[in-house]
Amino acid sequence: MNTYQIQMNSGQISYLCDFFSEYEDERIKTTLLSSNRVQAVFEAMTALPGEEAVKHLKQVFQQSKFGPGLYYSVKKIQ
């Protein structure tokens, strides 16, 4: 199991924090580590490689009710 720190940026960061603060599916589990007005850092535990984990998180949020309407970025920082 790999553990990564994932940084997400958005002008509406609260939607991302609410969605991913304790998110879990069959491929990944996330926990909110810190957040401010436009940025949040999550710990992600997964068997996926780093870039695949980022891609998966983007796809999951894009399919949520707020995903299509928000501009956000996601990247692995550790």
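For the stretch 58-76, the candidate set comprises residues that are under 12 Å from the mean Cα position of the chain (by Cα) and assigned to a helix (DSSP H, G or I); within that set, the residue that is surrounded by the fewest Cβ atoms within 10 Å (Cβ to Cβ) is 59. Screening the stretch 22-54 for residues that are without any contact (Cβ under 8 Å) to a residue 12 or more places away in the chain and not in a strand (DSSP E or B) and picking the one that is surrounded by the fewest Cβ atoms within 10 Å (Cβ to Cβ) gives 26. Of a type in the set (S, T, N, Q), within 21 Å of residue 65 (Cβ to Cβ) and touching a residue at least 24 places away in the same chain (Cβ under 8 Å): is that true of residue 5 in this structure? Judged against the criteria, residue 5 is not a match.
Each reported figure results from applying straightforward, stated rules to the coordinates on display, with no laboratory input. It should be emphasised that the depicted structure is a prediction, and the values quoted were computed from it without experimental measurement. Every residue, glycine as well, gets a Cβ built from its backbone with ideal geometry; the counts of neighbours run over all protein chains shown.
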